[in-house]
1. Conditions: (1) among the aromatic types (Phe, Trp, Tyr); (2) without any contact (Cβ under 8 Å) to a residue 60 or more places away in the chain; (3) surrounded by fewer than 24 Cβ atoms within 10 Å (Cβ to Cβ). B:Trp88 meets all but one. Number of the miss?
2. Of all residues in the stretch A:167-199, how many are surrounded by fewer than 19 Cβ atoms within 10 Å (Cβ to Cβ) and in contact with a Phe, Trp or Tyr (Cβ under 9 Å, 6 or more places away or on another chain)?
3. Which is more than 10 Å from chain A (Cβ to nearest Cβ) and charged (D, E, K, R), of B:Glu50, B:Glu74, B:Glu31?
4. Wholly within the stretch B:1-51, which strands (runs of 3 or more DSSP E) include no fewer than the required count, namely at least 2 residues that are of a type in the set (Lys, Arg)?
5. How many residues does the stretch A:5-42 hold that are surrounded by fewer than 22 Cβ atoms within 10 Å (Cβ to Cβ) and either without any contact (Cβ under 8 Å) to a residue 24 or more places away in the chain or polar (S, T, N, Q) (or both)?
6. I need the full set of residues from the stretch A:270-308 which are within 19 Å of A:Met36 (Cα to Cα), out of contact with any strand residue (DSSP E or B) (no Cβ under 6 Å at 6 or more places or on another chain) and not charged (D, E, K, R), in order please.
7. Can you tell me which residue in the stretch B:344-382 is modelled with the highest pLDDT, limited to those that are crowded, with 20+ Cβ neighbours inside 10 Å and under 16 Å from B:Gly279 (Cβ atoms)?
8. Looking at A:Gly315, A:Gly279, which one is without any contact (Cβ under 8 Å) to a residue 24 or more places away in the chain and farther than 21 Å from A:Thr369 by Cα?
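The values are calculated or read from the model by the stated rules, or taken from the named source; none is laboratory data. Being a predicted model, the structure only gives us computed values, none of them experimental. Note that we place each Cβ from the backbone using ideal geometry, even for glycine, and neighbour counts take in every protein chain shown.
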There are 2 protein chains.
Amino acid sequence: MMSTPGFSFDVTARDGHARTALLQTPHGPVETPTFMPVGTIGTVKGLTMEEVGTTDAGIVLGNTYHLWLRPGAEVVQALGGLHGFSRWPRAMLTDSGGFQVFSLAKLRTMDDDGVTFRSHIDGALKRLTPEESVRVQSLLGSDIAMVLDECPPGDADRAAIERAMERTTKWARRCLDAPRGPGQALFGIVQGGIHEDLRLRHLESIAAMPFDGVALGGLSVGEPVPDMHRVLRAVAHQMPDDRPRYLMGVGTPRDLLVGALAGVDMFDCVLPTRNARNGQCLTWRGRVNIKQARHRLDDGPIDPRCEGQCCNGAGGRYTRGYLRHLFLAGEILAARVMSLHNVYFLGSLMRGMRAAIREGRAAAYVDDTLRGIAEGDEVGPPSNG
Amino acid sequence: MMSTPGFSFDVTARDGHARTALLQTPHGPVETPTFMPVGTIGTVKGLTMEEVGTTDAGIVLGNTYHLWLRPGAEVVQALGGLHGFSRWPRAMLTDSGGFQVFSLAKLRTMDDDGVTFRSHIDGALKRLTPEESVRVQSLLGSDIAMVLDECPPGDADRAAIERAMERTTKWARRCLDAPRGPGQALFGIVQGGIHEDLRLRHLESIAAMPFDGVALGGLSVGEPVPDMHRVLRAVAHQMPDDRPRYLMGVGTPRDLLVGALAGVDMFDCVLPTRNARNGQCLTWRGRVNIKQARHRLDDGPIDPRCEGQCCNGAGGRYTRGYLRHLFLAGEILAARVMSLHNVYFLGSLMRGMRAAIREGRAAAYVDDTLRGIAEGDEVGPPSNG
C-alpha cells in the first residue's frame with residue numbers, strides 16, 4: 001500500500017494482468033492506466049496547462065534536472081512550487097534528475113556517493129546525490145518524487161547492469177532516509193536491463209522497501225523493442241499489486257498498450273510533443289507526417305476518428321492542408337495544434353484501455369488498436385479521400 | 001458611403017475629430033476605432049483564432065504577398081478561402097501585397113504597369129499588377145481588399161513621392177475596374193509622405209473614387225514620429241466622413257491613440273505579436289522587458305491592471321517570474337502568452353478609446369494613458385513591489 005498520508009491506490013477492475021485503479025494524491029485523483037505528459041521545465045512544450053487539462057491527463061511529469069539548473073529549485077519554490085509556478089492544479093510527479101545527468105550533462109564522473117557533472121546550459125559544476133535529488137524534489141513540491149538511480153545504457157553488459165542494480169538499491173535506501181516534503185510520496189526504481197532474472201532479483205529488493213510505488217527504469221533506452229516487451233510481460237505483473245507500477249520514459253502507442261496489458265499503471269514520454277514539433281501526428285490509423293505533399297489540399301482533420309478539439313472542436317477542425325502550410329512556414333500554431341492533438345490522442349488511447357479492462361476485452365482492444373496503428377505511416381486513403 | 005452590398009458604416013458618436021462607428025461586413029460587425037491583429041500567412045503568430053476572438057479584435061488582416069507565395073491563393077481558396085483556411089469566422093481585410101514586395105522581395109523592377117520581383121522564399125519570378133493583386137485577393141476571399149499602391153520610403157524626396165502618388169492614383173482606377181469577389185469591398189490608399197499639401201492633394205483624387213474606405217499608406221515607414229503625428233492631425237479628419245479611415249501599419253499604443261484622436265477608425269500592425277516574441281510586453285505603465293533580472297522572483301502578472309486571461313484568468317495569472325523563465329528557455333508558451341497579452345492590451349486600449357469618445361473625454365483619455373505608458377520602459381516599482 002501507499003504509506004504516505006494523502007495517497008491511496010485502489011484497483012477497481014482487472015482483466016488478465018491488466019488493471020484499472022484510482023490513485024489518490026494531495027492534488028486530486030488519477031485514473032490508471034494513465035499517460036503522463038512531460039512538462040520538462042514547467043511547461044508541457046507548446047501547451048497551456050488548461051489545454052493539458054482538456055486531455056485525459058490527471059498527472060504531469062516535471063524534470064528535476066532541467067528545473068534544478070534553470071530557473072533553479074529555489075526560484076520554483078518562491079513562485080509557488082511546481083504547481084503554482086506552472087499553473088497545473090492537479091497531480092505532479094518529478095523524476096530524480098539522474099537520467100538527464102546521464103544523457104545531457106558533460107564531464108560526468110560517478111562514484112558510490114553520487115555523480116558530479118557540468119551543466120549542459122552554462123557549464124557550471126554540479127553534484128547530484130540521492131539526498132540532493134530528494135532535497136531538490138522537495139523544493140519543487142511534486143506529489144510524487146522518484147529515487148535517484150543509475151540507469152545503464154541499453155547495450156550495457158550484464159556485469160555493468162548488476163553493478164547499477166547494487167548502487168541503485170543503496171541509493172534507494174538513502175532516498176528513503178532523506179527528508180522529503182510534507183505529503184510527498186516516493187517511488188523506487190527497478191533496474192536489470194533486459195534480463196528477466198536480474199529484473200526479478202532487483203524487484204525483490206526494491207519491493208521490500210516502503211516505497212509508495214515501484215517503477216521500471218532502464219527500458220526504452222536503446223534495447224530492441226521485442227526485448228522490452230518480453231521483460232514487461234515477465235515482470236510487470238510481479239510488481240507489488242497494492243502500489244502503482246510505473247514504466248519510465250515510455251512511449252509509443254504500441255508500448256503503452258503492451259505495458260498496460262502487462263499490468264503497468266503509469267507511463268511518461270516526450271514523444272507526443274516532440275513528434276508534433278517534428279511534424280508527426282499520432283492517429284488511430286498510424287502516424288501522419290504532415291509535411292507530405294499529399295496533405296496539400298486535404299481539408300480533412302488529422303484524424304477523422306479523434307474527438308479532440310483540433311480534429312472536432314467547436315471552432316471547426318484544423319485541416320491537414322492548413323497544418324501542413326503552418327508547419328512548412330515554421331509557425332508556432334502548427335506545433336501547438338499537433339502537440340495538443342498528440343497528447344489528446346495518447347489520453348484517448350489510455351481511456352479506451354481503461355474501458356476495455358473494465359469490460360474484460362483488454363487483449364482484444366490492444367490487438368485491434370495495434371492492427372490499426374501499425375506503428376508506421378498512416379494506412380489507407382487520405383482523410384478526405 | 002460604402003457602396004459594396006453587405007457593408008455599411010455608421011458613425012455612432014463623435015468627440016472632436018474622433019468618432020466611434022459601426023462597420024458592418026458580410027462576416028459581422030466591427031466597432032471602431034479598432035486595432036486589427038495581423039494574421040500574416042493565415043495565423044496571428046502564436047495564437048489560435050479562438051484566442052484572437054477573446055481580445056477586442058473583430059477584424060483580422062491577412063498578407064496577400066505571403067499567402068500568394070505560400071501556400072498560394074488557389075490552395076487557400078480550395079481550403080475554404082481565408083476565413084475557412086484560418087478558422088476566423090469574422091471580418092477579414094487583406095492588403096495588396098505591394099508593401100511586402102517593396103520590403104521583402106529581391107531583384108525588384110517596377111514599371112507603370114506593375115512590379116516584377118523574385119520571391120524571398122524560393123526565388124521564383126513573380127509579377128504583381130493592380131489586376132493581379134485584386135485577383136489574388138478575390139481568391140483569398142477577404143471582406144475588404146486594398147488597392148495596389150506605390151509606397152515610397154520614409155526618406156524619399158518630394159519629387160519621388162509625387163511620382164508615387166500619380167502611379168498610385170492610376171493603379172487605384174485599375175483596381176476599381178478589376179473584377180472582385182462577390183461582396184468584397186475595396187479601399188483606396190492615399191500617399192504623400194509627410195507633406196500635408198501632397199497628402200491633401202492625393203486625398204482629393206482618391207476620395208473622389210467610389211472606394212468603400214480610404215487608407216493612409218506610407219506612414220510609419222521610417223519618418224520621424226512627430227512628422228507622422230502632424231500629418232495625422234492635419235489629414236485624418238479631412239478624409240471622407242461617411243467611410244472608414246484606415247491608417248496602415250500602425251502601430252504603437254501612442255500612435256493608435258494619436259491616430260484615433262485625429263479621426264482614424266482602423267489600424268493594423270505586427271507590433272504586439274512581434275514584440276512578444278522578442279520578450280516585450282505592453283502594459284498601462286509602459287513596456288516590460290521580461291528578460292530583465294528584476295522579474296526573476298516576481299509573482300505578479302504582466303500588468304496588474306489588465307483584465308485579460310494571461311494576467312487575470314480563471315486558471316490563475318502567468319507570473320512575470322514564470323514568463324521570464326519560459327522566455328529565457330526559448331519555450332513556445334512564452335511567445336503564446338505574451339502575444340495574447342499584447343493583442344489583448346491593444347484591444348483594451350481601443351475599447352477604452354471608444355468609451356472615452358462616447359463620453360466626450362477622448363482627449364483626456366489619450367493624455368492620461370500616454371502619461372502612464374510613456375512609450376518606454378515600465379514606470380514604477382515591480383508588479384509585486
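1. Of (1) among the aromatic types (Phe, Trp, Tyr); (2) without any contact (Cβ under 8 Å) to a residue 60 or more places away in the chain; (3) surrounded by fewer than 24 Cβ atoms within 10 Å (Cβ to Cβ), only one is false for B:Trp88: (3).
2. Number of matching residues: 2.
3. Sole residue among the options that is more than 10 Å from chain A (Cβ to nearest Cβ) and charged (D, E, K, R): B:Glu31.
4. No strands (runs of 3 or more DSSP E) qualify here.
5. Qualifying residue count, the stretch A:5-42: 6.
6. A:Leu271, A:Pro272, A:Thr273, A:Asn275, A:Ala276, A:Leu282, A:Thr283, A:Gly308
7. Ranking the candidates gives B:Phe345 first.
8. Of A:Gly315, A:Gly279, the one residue that is without any contact (Cβ under 8 Å) to a residue 24 or more places away in the chain and farther than 21 Å from A:Thr369 by Cα is A:Gly315.
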